[in-house]
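Laboratory data are not the source of any read-out in this text; all were calculated from the coordinates shown. Quick caveat: nothing in here was measured; it's all calculated off a predicted structure. Please note: Cβ atoms are built from the backbone with ideal geometry, for glycine as well, and neighbour counts cover all protein chains shown.
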Amino acid sequence: MEIRIGNKYRLGRKIGSGSFAVNVITNEEVAVKLESIKSRHPQLEYEGRVYRALAGGVGIPFVRFFGVERDYNSLVIDLLGPSLEDLFNYCNRKFSLKTVLLLADQLLSRIEYIHSKSFIHRDIKPDNFLMGLGRRTNLVHVIDFGLAKRFRDPRTNIHIPYREHKNLTGTARYASINTHLGIEQSRRDDLESLGYVLMYFLRGSLPWQGLRAANKKVKYDCIMEKKMSTTTENLCRGFPPEFHTYINYTRSLRFDDKPDYAYLKRLFRDLFVRTGLRYDYIFDWTVFKRDKLTNSGQPAQKQLPEEVQNIQNSNPQQNYFSNTEIQKERMNNVAPQSSYQKIAHKIPPGPNQTRVPISGLGLSLGMGSAQPQAQGPISTSLGQQQQDYGAIPPSSHHQAYNMNNQTRQQYANNNVHMIPQADNGGANQDNLKQQNAQMNPSYIRKPYLPEDLQPGSNAYNPYNEH
């Protein structure tokens, strides 16, 4: 029997952790997330409200419909490509430095935008970042806002109060140390989790993976102890010092500090320049797919449901916003184009541009495929220009913020110094960076736009974000 959502979307088979459907009017494919109305902790309606609050942001899926169909809450959003976890597995569980830096720039921008709307995500992990389809094949999207929370009142800008004895919310593998300690999450925790995601991509695994315990509580305690006893030097050994600096910076933030996102992005952009990499949007999975085709002479497809293969074999240039009304609403929510964006379509593509559609990778599409080893969410509770500075050496951090080689009790005691006195917008971090910039003037760089980035490319350009 044919099932329709909102009398408009014909439900298909399950893909990833959701399903897909087809708009019976425009014939476009969309993603559908279903939740039983009898669920003990319903969160889909709340997640839909968060999506709408974030609407218009780069890399934020567009909500087409929310309602109740039969015995299920239904959320219909844009259909997206494979998750970063899918692609990580596709590339034999290792990403190159180039791919990690290309991703880091976009991931930081997504988190910055979410924070600018007064939300924190609270479940930063590879499964919750998906690549787009068609013209957005190089664009990272963020999904799954069921655990998101407002960290401040959007009208008064008053930050939520510091609290302790909170249950662990999110995924233990990527959770911040403060989250393990039961401290209320804030912006710093999203960024620390991102640091663990980046090291996961570079290393292939994290030191606290694969621990065995009698039950979940004991396992989470083991993960916390291992995470606290692993110094950032050991965690980042063998990789550029910028990753060590990034994690130290996120751990140095006080509860209500506003992170310096521009500084963090500049860390990785400067590393990109220094290592001589090319900003050509050729990710590892693009090269991996091309090598497979070259060596075998034919694509190596995994066995997938017929509906998914049909989506993958669709025209990569198909406009997934073909519905006129949806397209108009989408365009009204998009930030104004910069002068660079306005002239981009007039300039022919450069010789260095290569685009291979993700839809040909032979991967499951949709709202993110759950991996057997991935840990699911534990809880169900619901531009001001800044000056660019260089890296902060570990010795510049306040002793109270350096948690490496400390016991759990020592770290908890030292964390008292992080209780906010006033929201100074991260002034203490600015002072540290100013001192460091004076000591290391060679670190100060002018804003950089890669010369090899051709304005005429259809590929997504993170430097155009507003």
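Which entries of 94/292; 149/227; 33/216; 166/219; 8/33 have Cα-Cα distances beyond 20 Å here? Please list the in-between numbers first.
Numbers: 94/292 16 Å; 149/227 25 Å; 33/216 27 Å; 166/219 17 Å; 8/33 15 Å.
Pairs exceeding 20 Å: 149/227; 33/216.
When the Kirkwood hydrodynamic radius is evaluated over all pairs of different C-alpha atoms of the stretch 82-287, what value in angstrom, to one decimal, is obtained? It would help to have the intermediate numbers written out before the result.
Values: mean 1/r = 0.0566 Å⁻¹.
Averaging 1/r across every pair of different Cα atoms and inverting gives 17.7 Å.
In the neighborhood of residue 83, defined by Cβ-to-Cβ distances under 12 Å, what is the net charge if each Lys or Arg adds +1 and each Asp or Glu adds -1? All intermediate terms of the calculation are to be shown ahead of the outcome.
Values: positive: 125; negative: 85, 86, 127, 144.
Once all neighbours under 12 Å are counted, the net charge is -3.
Fully extended, how many nm does the chain gain between residue 52 and residue 38 (0.36 nm per residue separation, minus their Cα-Cα distance)?
The span from residue 52 to residue 38 would gain 2.6 nm if fully extended.
Neighbouring Cβ atoms within 10 Å as the yardstick, rank 125, 265 fewest first.
Fewest to most other Cβ atoms nearby, the residues stand as 265, 125.
Distance in nm between label sites at residue 218 and residue 287, each 7 Å beyond Cα in the beta-carbon direction?
4.4
Explain nothing, just the number: dipole magnitude of the stretch 205-275 about its Cα centre with +1 on each Lys and Arg Cβ and -1 on each Asp and Glu Cβ, in debye rounded to the nearest 20.
Working: 14 positive and 8 negative charges, 56 e Å.
For the stretch 205-275, the charge dipole is close to 260 debye.
Going by average Cβ density within 10 Å per residue, which order do the peptides 208-214, 48-54, 135-141, 163-169 take, highest to lowest? Walk me through the intermediate numbers first.
On the way: 208-214: 11.9, 48-54: 18.6, 135-141: 20.7, 163-169: 13.4.
Per-residue mean Cβ counts within 10 Å order the peptides as 135-141, 48-54, 163-169, 208-214.
Within a 10 angstrom radius of the beta carbon, how do 237, 152 rank from fewest other beta carbons to most? Walk me through the numbers on the way to the answer.
Working: 237 10, 152 18.
Least crowded to most crowded, the residues run 237, 152.
Starting with the fewest neighbours, write out 28, 2, 47 ranked by other beta-carbon atoms found within 10 Å of each beta-carbon.
On the way: 28 19, 2 6, 47 24.
Fewest-to-most ranking of 28, 2, 47: 2, 28, 47.
Among 59, 46, 72, pick out the residue whose Cα is farthest towards the positive end of the charge dipole of the stretch 9-78, where Lys and Arg carry +1 and Asp and Glu carry -1 on C-beta, about the Cα centre.
Farthest towards the positive end: 72.
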